[in-house]
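For reference, the structure discussed in these notes is given below.
Nothing in this text is a laboratory measurement; each read-out follows from the coordinates by a stated rule. Note that the structure is predicted; figures quoted are calculated from it, not measured. With ideal geometry, Cβ positions are generated from the backbone for all residues, glycine too; neighbour counts draw on all protein chains shown.
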Amino acid sequence: MSAKTNEPFTEEQWLKFVQQKQLKFVECQDCHKMSVIPFAVCTTCGSRNITWKQASGQGSIYTYTITAVPPPELQAIAPYVAGVVELQEGLRINGIITGVENVNSYPADLVGKTVSIEFLELDRKSILAFRLNA
Amino acid sequence: MKSELDRIAPPLRRNPVILGVAQTTFTGGKTRTRTLRDLAGEAATEAMMEAGAKPEDIDLLIVAQAAGGIALNQLHTAPLIAERLGLVGIPSLRLENACASGSVGLHTALTAIEAGWADNVLVVGTEVLSGIPTAMIQKMISAGGDANYEIPVGATFPGMYAMFGTRIIHEQAKGNFKEGMEALAHIALKDHHNAVYNKKAQFPISIEELAQKRGVNDVWAFLNDPKTNPVVSWPLRLFDCSPTTDGGAACVVSATDSALSFSSAKHAIKIIASAQTTGDLPQCVAPTLTSLPAARQAAKAAYKRAGIVDEPAAIKKRVKVAEVHDCFTSAEVLALGDLNLFPQNETLRAAKEGRTAVGGEIPINTSGGLKAKGHPIAATGIAQLFTLVEQLLGKMPPAVQVKNIDLALAHNVGGTGGSACVNILERL
Ligand SMILES: [Zn+2]
């Protein structure tokens, strides 16, 4: 059993990690199922042999959008690029994409471009983001 | 363990029928004219009259309602609406599966009928979104997404459908946004053409006429001008998005062996397949973003239950008209592939080439769709049935009436594919 009592396999803990500027996922040590949505019992094989893993933070843009009409909490950074990133581990995760030039003039297709993890700080909250690699 | 087919589109042993179905006019704007209860009452009264049903005939009331809790501070909507309809004293429930609530309501009605607990079920969808501040509307619409994995990282609801659009354009148009966005605009143009004939639509007007009213004769100039068609979430622009809508819709569903079916109905429409299933939430976890796997799975099961070969030509030989979930134009592209009406890599092209217009290979959204008819979230699934029943009974205006219909299909999605329903109807 690799479960540490101070890091339970909960969504609340995943959110805590993000606030600590860490992207983690769970992995089943028996069947190696990985998931960004944590579980304490493997949803594939039923094993309780679960561990938290740190994501490499490297990946590529699977899809994205440039949001001109933001929610009130993100007004400060609008227009912004929101995307789904495919991590090197094979998992996908939503995040803000930073480092895109000329957002207002809608640049050419960014799908497949590589990115590296970073965290934005907004209203004292940490937000998962990925920076377009130079 | 049950088979996938028996779990998603179970056998309909009591041969359920829709005895009556109705929808209110769909409206929008800043001023509210009707409440949840008014809209539900109006639609349900008409559906019950059509079915020849008196309150004592109804064994179960199902209310589909999505936004009331957030937008109107109103929960417990089932008794609220029962009161209006003289249905106090029977079981009732309210359910919410985002934009698929109406169809999930129908599917749930069928479970009660098949279990023998009910002979006749009234399903009512009702939604009020006018007179609510924009920030609240945004918050409410986002509530169908994932509050921890999507919303904090800027994935708005239009944004998530824009991300489907981007990936589709990447795969089908080699990332050529100009070409892809033009194909998407063709869907909006087609929907508005159909809505012109729909007296109950929120926007019964073509985009060409809208442009002319603003002094622009070239509709493509109008659609490509960021002042008249601004980006909401790239690559989706204003005319790619369905509006916020007030509306109600209702239907009476009965077992063919029920006394009501024998006695009073003027016409009955048979439900030959009802499929409901669940997909990934958040969106990013889904195996693909050029298809909604739950919708594909529901379609497969519905076809199998209806005895239709799951292959584009075979489907279109039987299914002659469909209402699909086009909350955004990109959603209609997803639907064309998930229903297997066109090969997955041809869906953008099919939309652009008019193959889904009235007179085309398979007319899609002859009502105007969510885009032009309006999208009162929880009422949408039942309103789709209203249009299809009108089609099957030959009651649509001639310009949008499809001829020689065998079967009609409804495709209704909740959120970004977390919920999906496909229903297939047949005239008795
Ligand atoms: Zn496992």
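Annotation note: Cβ proximity below 7 Å between a residue of region B:228-244 that is touching a residue at least 24 places away in the same chain (Cβ under 8 Å) and a residue that is of a type in the set (Ser, Thr, Tyr) and surrounded by fewer than 23 Cβ atoms within 10 Å (Cβ to Cβ) (sequence gap 6+ or interchain) occurs for B:Trp234/A:Tyr106.
Among the residues making up region B:350-395, those that are in a helix (DSSP H, G or I) and of a type in the set (D, E, K, R) are B:Lys352, B:Lys371, B:Lys373, B:Glu390. For region A:22-35: of the residues being within 14 Å of chain B (Cβ to nearest Cβ) and away from the ligand (no atom under 14 Å from the Cβ), which is farthest from the chain's Cα centre (by Cα)? Going through the qualifying residues, I end up with A:Lys24.
Condition check ((1) under 20 Å from B:Asp146 (Cβ atoms); (2) assigned to a loop (DSSP other than H, G, I, E, B); (3) within 16 Å of the ligand (Cβ to nearest atom)) across all residues:
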{"residue": "A:Glu7", "(1), (2), (3)": "no, yes, no"}
{"residue": "A:Ile37", "(1), (2), (3)": "yes, yes, yes"}
{"residue": "A:Lys53", "(1), (2), (3)": "no, no, yes"}
{"residue": "A:Ile61", "(1), (2), (3)": "yes, no, no"}
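The residues of region A:81-117 that are among the small types (Gly, Ala, Ser) and over 11 Å from the mean Cα position of the chain (by Cα), listed by number, are A:Ala82, A:Gly90, A:Gly99, A:Ser105, A:Ala108, A:Gly112. When B:Ala211, B:Ala249, B:Ala275, B:Ala294 are checked against the criterion of being part of a helix (DSSP H, G or I), crowded, with 16+ Cβ neighbours inside 10 Å and touching a residue at least 60 places away in the same chain (Cβ under 8 Å), B:Ala294 stands alone in meeting it.
Counting only helices (runs of 4 or more DSSP H) that sit wholly inside region B:54-158, those with at least 1 residues that are within 14 Å of chain A (Cβ to nearest Cβ) are B:134-142.
Take B:Asn340 and decide whether it is surrounded by fewer than 24 Cβ atoms within 10 Å (Cβ to Cβ) and touching a residue at least 24 places away in the same chain (Cβ under 8 Å). Criteria met by B:Asn340. In region A:81-93, is there at least one residue being under 24 Å from B:Leu281 (Cβ atoms), within 13 Å of chain B (Cβ to nearest Cβ), within 16 Å of the ligand (Cβ to nearest atom) and in contact (Cβ under 8 Å) with a residue 40 or more places away in the chain? Looking for residues that are under 24 Å from B:Leu281 (Cβ atoms), within 13 Å of chain B (Cβ to nearest Cβ), within 16 Å of the ligand (Cβ to nearest atom) and in contact (Cβ under 8 Å) with a residue 40 or more places away in the chain, one finds at least one in region A:81-93, hence yes. Here A:Val100 passes the criteria (1) away from the ligand (no atom under 16 Å from the Cβ); (2) closer than 25 Å to B:Thr416 by Cα; (3) crowded, with 16+ Cβ neighbours inside 10 Å except the one numbered (2). For region A:34-68, filtering for residues that are within 30 Å of A:Leu120 (Cβ to Cβ) and not aliphatic (A, V, I, L, M) leaves 17. Quick check on B:Leu281: is it buried (at least 24 other Cβ atoms within 10 Å of the Cβ) and in a loop (DSSP other than H, G, I, E, B)? So B:Leu281 does not fit the description; no. Taken together, the residues in region A:107-132 that are part of a strand (DSSP E or B) and either in contact (Cβ under 8 Å) with a residue 12 or more places away in the chain or within 9 Å of chain B (Cβ to nearest Cβ) (or both) amount to 16. Residues in region A:52-79 that are in contact with a Gly (Cβ under 6 Å, 6 or more places away or on another chain) and either more than 7 Å from every other protein chain (Cβ to nearest Cβ) or of a type outside the set (S, T, N, Q) (or both): A:Ser60, A:Ile61, A:Tyr64, A:Leu74. Going through (1) part of a loop (DSSP other than H, G, I, E, B); (2) in contact (Cβ under 8 Å) with a residue 60 or more places away in the chain; (3) farther than 27 Å from B:Gly415 by Cβ one by one, B:Met1 falls short only on (2). Listed conditions (1) touching a helix residue (DSSP H, G or I) at 6+ places or on another chain (Cβ under 8 Å); (2) within 15 Å of the ligand (Cβ to nearest atom); (3) β-branched (Val, Ile, Thr) are all met by A:Ile66, apart from (2). Residues in region A:52-80 that are over 23 Å from A:Phe17 (Cα atoms), touching a residue at least 24 places away in the same chain (Cβ under 8 Å) and among the small types (Gly, Ala, Ser): A:Ala76 only.
Within region A:39-51, if we keep just the residues that are within 9 Å of the ligand (Cβ to nearest atom) and touching a residue at least 40 places away in the same chain (Cβ under 8 Å), the residue that is farthest from A:Val85 (Cα to Cα) turns out to be A:Asn49. Against the numbered list (1) farther than 21 Å from B:Ala255 by Cβ; (2) of a type outside the set (D, E, K, R); (3) surrounded by 19 or more Cβ atoms within 10 Å (Cβ to Cβ), B:Val104 comes up short only at (1). Evaluation of A:Gln75 against the conditions (1) away from the ligand (no atom under 16 Å from the Cβ); (2) in a strand (DSSP E or B) shows that the sole unmet condition is (2).
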